[in-house]
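What follows draws every value from the coordinates through simple rules; no lab data is involved. Quantities reported herein were computed from a predicted structural model and do not represent experimental measurements. Virtual Cβ from ideal backbone geometry, glycine too; neighbours counted across all protein chains shown.
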Amino acid sequence: MSAGKRFTALPSPLVNMAEWYQSVLAQAKLVDHGAVKGTMVIRPYAYSMWELLQAELNRRFRLFGVENASFPSLIPQSMLDREAEHVEGFAPEVAVVTHAGGKELEEPLVIRPTSETIIGHSMAKWVESYRDLPMKLNQWANVVRWELRPRLLLRTIEFLWHEVHTAHADEADARRETLSALEMYTSVAREMAAIPVVPGEKTPGERFPGAVCTFSIEAMMLDGKALQAGTVHYLGTNFAEALGIQYASKDGGREYAHTTSWGMSTRMLGAIIMAHGDEKGLVLPPRLAPIQVVVVPIGKGEQLDATTDYGRELVQKLVSKGVRAHLDDRDNLSTGSKYNYWELRGVPVRLCVGQRELDDGMVELSYRIGSEGKQSVRTDEVLEQMQALLDAYHDRLLLRAESFRDSRTTTVDSWDDFVTAVKTGWALAFHCGETACEDAIKAETSATPRCISSDQSSETGDCVLCGAPSAYNQRVIFARAY
RNA sequence: CGGGGUGUGGCGCAGUUGGUAGCGCGCAGCGUUCGGGACGCUGAGGCCGGAGGUUCGAGUCCUCUCACCCCGACCA
C-alpha cells in the first residue's frame, strides 16, 4: 500500500478502530483538528450531512410544537450553581471566563456546557399560567465541555448540537414528552442514519446531573463498542425549583413546572462513519448523503464531451426530481481514480456514462454496498426510479447494520459469558443496580451499563456479577463505549 | 494526571559511526492518457517542534522545554 494513497484497511473489530477512523476522516476530508486541542473544524461536505440532519430534526420539532430560539453562550456562574447536582456534575468540565474588558470579572462566567439553567431562567420569566404550558424551546448551539480526552467528532471539547428544553404542567405530560422524544430520536437514527439504535433508560449511575431519569439511544459501532447517539432527560421539578419556573394552575395555586431536555450532536456524524464504514471508506446513508448519486462520464476527446453533456443532462433531471446528484467532470483524474474517490466518500449510487451507454440510452449503475456489481439500466428507468432505489438502498443498509448488531449482542447469565460477550459486542445481563457493582464491572471488563432497552419483555434474575436480585424489570445492556 | 509513542516540504515517511537534507503521494506547467487508484518531462515547496550546550561542523550526541497521538481515569 503506497503511502498517502489508500487509507488503512478496516481493522479487525478486536483491534482499536481509531486508526481507521482517523484515516478515513483525514482522507475523505470531512473534518480537521481545530486550533484548540480537541476541537474540530467541520468541512463543507460533512457539514452538509449535518445540515440534512438538522433539517429533519427541525421538521420533527415542528410536529412537537418546539420553537427555535437562541440563548447566550456565557452564563453567570451563580446561575449554573442554582441546581446542586447539576453544578457538581459539570464542575470538572466547565470552562470559566474570569477576565474581560481588561480586568478580572466580579463574577466569573461559565461557557455553557449545556443550557438548562440559562433557558430555564428565561422560561421562569415567560411562564405565568398553565395556559403557557407546555413551553417547548430548541436551540442550535455550540457548547463546551473540557473533556480530559477528546476524540475527533465523538467527544470534542467544543461541539455542535441542538438542545430542546420543555416545561410542562405536570409529571405525566412531561414524562409523555420524554418518551415521545426518545421515540423521535430512535426514528431519526433509523430513518435518516440507517442506524438501528436501541432506546432505553440509563441506570442511576449514568444519569444526567440533575435529572430524575435519563434515556438514551445507543448505537453499535463496527468494533462492537456502544455510542450514545442521543439523550433525553426528565428533570422533574429540580430545575423549575432552582430557577423559579412556576405557573398559576387552573385552581389558582402556584405550581412548579416539570421540565425535560433532549439533545443530539455532531457525534451522530461519527456514529454514521463508524457504524457503516468499510475497507473502502465511508458508507453514507442516502438520506443524509450530501451527494446521493454521482455521475461519471467516461471517454476521451469528443467522446468525453458527449458523455459529459449527457451526464450533465442526467444530473439536471435527477436534481429536478429532488435527488442530490453530482457530475464528476474533472479532467485531471482517471475513471478508476474517480470511482475510488467517491467510494471513499460513501456516495450510495454511481452512474457511469460511456459511449456504449450513450448509444443505447443506458447508464451503468452500481451501489456502494452489496454484491450486485454493475448493472446496465435504461436511463429513463433510472430517472423514474431513483428515489425508490435510494429508499431500497437505505433499507438494505439498515438491515445490514441490524443483523450486525444482533450478531454481536448476547444474552448472558454467567460472568464468564459476560466477559466474553463485552469483548466483541454487547451483553444483555441482569444487574443489581448498585453503583459499586457497576464500577466493579467496569474495572474488570471496561464495560459499562449503556441502557435498559425498552424493547424487552419484563424479566428478572440475579445480578451477573454479585448475584443479588436484579433491580430492574429487564436486562441491562452492557458494553464498552466511546 | 499515570503508562506508551511521535515531532523532518501540504500529507505519509527515510536519513548509516556527526560532514552542507532525501523519497513517495499531492501540488503547478506541458504533452500523451482516460471502461477500476495512468505516464513522461519540467518545476515550486524545508530555520529538520523550540531553547541551550558539546564540536571545526548537529536532523543525528547531551540537557531542558513545547506540541501532538495512543491506552487509562472524566464524559453527548
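For the pair segment A:286-309 / segment A:168-219, the C-alpha centres are spaced 42 Å from each other. Extension gain, A:S180 to A:E106: 0.36 nm times the residue separation minus the Cα-Cα distance gives 22.4 nm.
Could you let me know the centre-to-centre spacing of segment A:25-70 and segment A:417-482, using Cα atoms, in angstrom? So the separation of the two Cα centres works out to 33 Å.
Once the Cα atoms are used to define both axes, helix A:379-407 deviates from the longest principal axis of chain A by about 50 degrees. On C-alpha positions alone, give me the angle between the axis of helix A:301-320 and the longest principal axis of chain A, in degrees, nearest 10. Computed tilt is about 40 degrees. The angle separating the long axis of helix A:171-191 from the principal Cα axis of greatest extent in chain A is about 20 degrees. Charging the Cβ of each Asp and Glu at -1 and of each Lys and Arg at +1, and nothing else, the dipole of chain A about its Cα centre rounds to 1080 debye. Within straight-line reach of A:K250, meaning a Cα separation under 25 Å, sit the following lysines at least 8 residues removed in sequence or on another chain: A:K125, A:K136. Each residue, A:A172 and A:D391, gets one label point 7 Å from its Cα in the Cβ direction; the gap between the two is 3.8 nm.
Go ahead and run the numbers for FRET between A:R151 and A:K423, Cβ-Cβ distance against an R0 of 22 Å, rounding to 0.05. Result of the calculation: an efficiency of 0.60. Note on A:E128 and A:A468: the model spin-label points, each 7 Å out from Cα along the C-beta direction, lie 5.1 nm apart.
When each of the peptides A:110-122, A:143-155 is scored by the mean number of other C-beta atoms lying within 10 Å of its residues, the order from highest to lowest reads A:110-122, A:143-155.
Taking 0.36 nm per residue of sequence separation and removing the Cα-Cα distance, the A:A248/A:D416 pair yields an extension gain of 54.8 nm. Using C-alpha pairs under 8 Å with a sequence gap of at least 6, the mean separation divided by the residue count of chain A gives a relative contact order of 14 percent. Taking R0 as 41 Å, what's the FRET efficiency between A:S337 and A:S407 from their Cβ-Cβ distance, rounded to 0.05? The formula returns an efficiency of 0.70 here. Approximating the spin labels as points 7 Å out from Cα along Cα→Cβ, the A:E93-to-A:A35 distance works out to 2.5 nm.
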